[in-house]
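Nothing in this text is a laboratory measurement; each read-out follows from the coordinates by a stated rule. Quick caveat, the model's predicted, so the values are computed rather than measured. Note: ideal-geometry Cβ built from the backbone for every residue, glycine included; neighbour counts use all protein chains shown.
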Amino acid sequence: MTSQIEKKMGQRASLARIREAWKALAVNREVQTTFLRPEIAASWQRCLNLAVNPYDSSCSFVQEAESVVAKNKLLLSVATSHLRQLHDLLFGKGCLVMLYSNDGYILDLLGARGPKRLAEQLCVFPGAKHSEVGIGTFAPGICLAEKRPVQVRMCEHYREVYHDWSCTAAPIFSPQGDLQGVLDITTVGGGRHPSQLLSLVQLTAGAIGAELGYRAQSDANRKLRTQFSTVLKSSTEAFFIVDNKDVLTHVSPRGLKLLGVKDDKVIGRDIHTLVSNYASVRQGVKIGRDLAELHFFSASSSPLVVEACLRSAGDANGECEGIVGVLRRKVDEPNQGGKGRYGFQDIIWQSEIMRGLIDDARKIAATEHTVLIQGESGTGKEMLAQAMHQASGRRSGPFVAVNCAALSPELLQSELFGYEGGAFTGADKAGKKGKFEQAQGGTIFLDEIGDMPLTAQVNLLRVLQEKSVTRVGGERARPLDIRVIAATNVPLMQAVESGRFRNDLYYRLSVISLQVPPLRSRMDDLVPLLEFMVDNYANEHGLPGGIAFGPEVMAALYAHDWPGNVRELENVVISTLTKMHGSAPTLVDLPQSLRGGAETASSSASCAKSPALDLRALEFETIGAALDKCGGHMGKAAALLGINRVTLYRKLKKSGMQATQHPV
């Protein structure tokens, strides 16, 4: 009993000294730290520096409660049940249980009617801001400033109106350590808070923070699942995922198509019931073998053999959580590559720019030099490469084409350079020839070389330098007798400058470089190309010969920019003749992309009155119409037709027209 009395007397003496310190603060504007706890002295000093009035009772920082709540919905939804538990525990003790945002605004306040009414008169209500600049030293304000739990008792408050209040507050942190808000218990006129109350508030604030982290992680997981589902459905790759219990959890639509199954037949099944050799494949992945052949059970007597590039999916501690694999149907390799279908005689041209290209290509074909063919997509780079092969001394050897952009980086190495038996789990015991070996004695055509990964570029450079290849998993260098032709639609020098393509490989490949012009630069070839494609289509589909394109259609074709080049022209011919309503195509039969310029282009042929003619006659008629439209101005007519002035003069001479009839 005596000790309790002494304790109370000591508390009163302490409060009296704090009261004297507060008077010195209010009158002399100085902080006497002798009898103050460090956190209180620091807060008083901050309030002095902020020019907070110790006698004021107003709150200058207030927002609409709805606005504040809207910004902190997650915090409020998580904390509400915890606030109610504290309120029920402290009911009848004159306490207010409050939740603050991380910028000091009251989000929620629970308490009996009397204390709440008194608190509202002194700026304690949802929407009020209790930072130190707002109402001086207050437990939530110190929490915001110092990010640690604190109690403020009686006259330790900076403002005199709160000198019979006590408050206990603790910060609420996310699992990452970010301040989310403050939890506070305030007693109006109830004396000092016991120190045990601080532990209770800390524990509750910690529970709120942990639940916030759980909610945030759950939301993040939900978003990831949605995003992953979108990626899965839209992916062009055939991939699958197996978890650490060997259950098949995901297969992309392309993967389902490759395997010839529906997802409800395989998802959720033990992978061992689907793949006969999965146990050995999994063991191979554990020791770093990424390439394998999977033997899927099938309805037929023989398994469906699928090539796969596999990766172990690990967590932050390196523990395996499953396996991700990219699938590709195994293709039986031929003994030799193809011979090449096209020769120079199959290339359709009459323009001067193509004449120069073909002449150069014929000369180069007779040599053994490495060649780099550059040009936009659809210009016929592979056709030119095949023609060079057919005109070379290697014409009796194979022509092996590889699209470097079509193979994943993991599969590219084994496809190009081959592999030895046992190089990876499920590999053929005899090994497999790569494309370079398949091209032995002939030509290898590396298409889309600009998209080759840097790792493969290193090995390709070694092959070109040493004229030999070492298979994946092997040590023996195998001599090569091949000719290399590469092609790209990527400006390789720009790729070199940006670091996406090796400088030394570029110069090794571009011993001789050929540039295939886009169709818009060889519009003299439009008519012969069109004639060839129309005749081919008619023969294949049993249509009568002599299908003619009218002047308006030809004008639209000449006006088009042809970003897809010869391939686009072929697609236009197929589309137009397929949709053709009568015996000859009209503007409405053309694809929409060509109709936009048809009105301008067709006006150049508006004076042409002839019915459907052969394409050559239509070309001359279109030229005459263009000249008439342009008043005989050669430069303007050439621009309208999309050709240069020299070509226009030559066409006039061929048609029998006189240039003098159409002066410049």
Select from 442, 553, 104 the residue farthest towards the positive end of the dipole of the chain; place +1 on Cβ of Lys and Arg, -1 on Cβ of Asp and Glu, and compute about the Cα centre.
104
Please list, in order, the residues from the stretch 92-127 whose amide nitrogen is less than 16 Å from a point placed 7 Å along the Cα→Cβ vector of residue 66.
126-127
Please name whichever of 310, 89, 278 sits farthest to the positive end of the charge dipole of the chain, dipole taken about the Cα centre and charges placed at Cβ: Lys and Arg +1, Asp and Glu -1.
89
Given the C-alpha centroids of the stretch 177-199 and the stretch 556-592, what is the distance between them in whole angstrom?
78 Å
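Once a ≥ b ≥ c are taken as the square roots of the eigenvalues of the Cα gyration tensor of the stretch 95-134, is the result rounded (a/c under 1.5), prolate (a/b larger than b/c) or oblate (a/b not larger than b/c)?
Oblate.
Say R0 is 45 Å: what FRET efficiency, to the nearest 0.05, do residue 377 and residue 245 get from their beta-carbon distance?
On the way: r = 45 Å, r/R0 = 1.01.
The pair residue 377/residue 245 has a calculated efficiency of 0.50.
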Inter-centroid distance (Cα atoms) of the stretch 26-95 relative to the stretch 434-483, Å:
73 Å
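Pick out, in residue order, every one of the trypsin sites (Lys or Arg not before Pro) in the stretch 173-253 that is DSSP loop and has at most 11 other C-beta atoms within 10 Å; say none if there are none. Please report the intermediate quantities before stating the final value.
On the way: sites: 192, 215, 222, 223, 225, 233, 245; in loops: 192, 245.
Answer by residue number: 245.
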Can you give the FRET efficiency to the nearest 0.05 for residue 234 and residue 264, using r as the Cβ-Cβ distance and R₀ = 22 Å?
0.65
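Given R₀ = 30 Å, FRET efficiency for residue 363-residue 531 by Cβ-Cβ distance, to 0.05? Before the final figure, lay out each step's value.
Numbers: r = 28 Å, r/R0 = 0.95.
It comes out at approximately 0.60.
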According to a simple spin-label model (label point 7 Å from Cα along Cα-to-Cβ), what is the distance in nm between residue 118 and residue 192?
1.9 nm
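Give, as a single signed number, the net charge of other residues whose beta carbon lies under 13 Å from the beta carbon of residue 502, with Lys and Arg counted +1 and Asp and Glu -1.
Numbers: positive: 462, 500, 508; negative: 497, 504.
Computed value for this residue: +1.
Where nothing but the Cβ of Lys and Arg (+1) and of Asp and Glu (-1) is charged, how large is the charge dipole of the chain around its Cα centre, in debye to the nearest 20? Before the final figure, lay out each step's value.
Values: 75 positive and 69 negative charges, 209 e Å.
Using only the charged Cβ atoms, the result is roughly 1000 debye.
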Among 144, 118, 74, which residue has its Cα furthest toward the positive end of the charge dipole of the stretch 16-215, with +1 on Lys/Arg Cβ and -1 on Asp/Glu Cβ?
118
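Using a/c under 1.5 as the rounded threshold, could you call the stretch 344-517 rounded, prolate or oblate? The axes a ≥ b ≥ c are square roots of the C-alpha gyration tensor eigenvalues, and prolate needs a/b larger than b/c, oblate otherwise. Let's see the in-between values first.
Values: a/c = 2.12, a/b = 1.55, b/c = 1.37.
Here the stretch 344-517 falls in the prolate category.
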Under the rule rounded for a/c under 1.5, else prolate if a/b exceeds b/c, else oblate, using alpha carbon gyration tensor axes a ≥ b ≥ c, the stretch 51-189 is classed as rounded
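For the stretch 61-139, with only Lys/Arg (+1) and Asp/Glu (-1) charged at the beta-carbon, what is the dipole magnitude about the Cα centre, in debye rounded to 20?
Working: 8 positive and 7 negative charges, 46 e Å.
That gives a dipole near 220 debye.
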